[in-house]
1. With the structure loaded, tell me whether PRO49 is under 25 Å from VAL88 (Cα atoms) and in contact with a Leu (Cβ under 8 Å, 6 or more places away or on another chain) or whether it fails that test.
2. Filter the stretch 7-28 down to the residues that are exposed (fewer than 15 other Cβ atoms within 10 Å of the Cβ) and within 26 Å of SER61 (Cα to Cα) and list them by number.
3. In the stretch 55-74, is there at least one residue being closer than 30 Å to GLU85 by Cβ, buried (at least 16 other Cβ atoms within 10 Å of the Cβ) and of a type in the set (Ser, Thr, Tyr)?
4. Can you pull out every residue in the stretch 67-93 that is at pLDDT 75 or above and not in a helix (DSSP H, G or I)?
5. If the Cβ limit is 8 Å and pairs must be 6+ apart or interchain, which residue in the stretch 22-33 that is free of Cβ contacts under 8 Å to residues at least 24 places away in the same chain pairs with which residue that is within 12 Å of the ligand (Cβ to nearest atom)?
6. Looking at PRO55, PRO45 in this structure, which one is closer than 14 Å to PRO70 by Cα and free of Cβ contacts under 8 Å to residues at least 40 places away in the same chain?
7. List every residue pair whose Cβ atoms sit under 6 Å apart, with the two residues 6 or more apart in sequence or on different chains, where the first one lies in the stretch 1-16 and is of a type outside the set (Phe, Trp, Tyr) and the second, anywhere, is loosely packed, with under 11 Cβ neighbours inside 10 Å.
8. As an exercise: evaluate LYS64 against (1) within 12 Å of the ligand (Cβ to nearest atom); (2) without any contact (Cβ under 8 Å) to a residue 40 or more places away in the chain and give the number of the one condition it does not meet.
Amino acid sequence: MQLRYPIDLTIEEYNEQKAWEHAELDHCPFHPEGGCDLARHGTYPRKFPEYCLVPRWYCPSAHKTISLLPDFLASRFPGTLDEIEQAVNTAGSCKSQEEAAFV
Ligand SMILES: [Zn+2]
């Protein structure tokens, strides 16, 4: 499961500050009442648009990992939210998909 890591940092600032080390998951999304021994489970790397680490937790009761995806990365897409928004805006302002592809 991926949750938002609501931070107002660029990817460069995130890496400089090692912000994944400061990420906190207050409670398990599967067991909000607690008691499931939710624990830090290291990090996993994202390689695009720049290398960065995503903090991860593990719930032994649900047998699931939970990661906190920083706001500048878009869930399930390899780029940043800015890049996706730019593509959407370009597509919206062009007369055809063909024109948008060459902008
Ligand atoms: Zn849990």
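1. Values: under 25 Å from VAL88 (Cα atoms): yes; in contact with a Leu (Cβ under 8 Å, 6 or more places away or on another chain): no.
Spelling it out, it is not the case that PRO49 is under 25 Å from VAL88 (Cα atoms) and in contact with a Leu (Cβ under 8 Å, 6 or more places away or on another chain).
2. So the first thing to find is which residues in the stretch 7-28 are exposed (fewer than 15 other Cβ atoms within 10 Å of the Cβ), and the list is 8, 10, 12-13, 16-18, 21-22, 24, 26-27.
Those that are exposed (fewer than 15 other Cβ atoms within 10 Å of the Cβ) and within 26 Å of SER61 (Cα to Cα): GLU21, HIS22, GLU24, ASP26, HIS27.
3. Checked the stretch 55-74: at least one residue is closer than 30 Å to GLU85 by Cβ, buried (at least 16 other Cβ atoms within 10 Å of the Cβ) and of a type in the set (Ser, Thr, Tyr).
4. Within the stretch 67-93, SER67, LEU68, LEU69, PRO70, ASP71, PHE72, LEU73 qualify.
5. These pairs meet every condition: HIS27/GLY34; HIS27/LEU38.
6. Numbers: PRO55 fails: free of Cβ contacts under 8 Å to residues at least 40 places away in the same chain.
Step by step, each of PRO55, PRO45 is checked, and only PRO45 is closer than 14 Å to PRO70 by Cα and free of Cβ contacts under 8 Å to residues at least 40 places away in the same chain.
7. Cβ pairs passing all conditions: GLN2/SER75.
8. (2)
The values are calculated or read from the model by the stated rules, or taken from the named source; none is laboratory data. All of these numbers come straight from a predicted model, not from anything done at the bench. Virtual Cβ from ideal backbone geometry, glycine too; neighbours counted across all protein chains shown.
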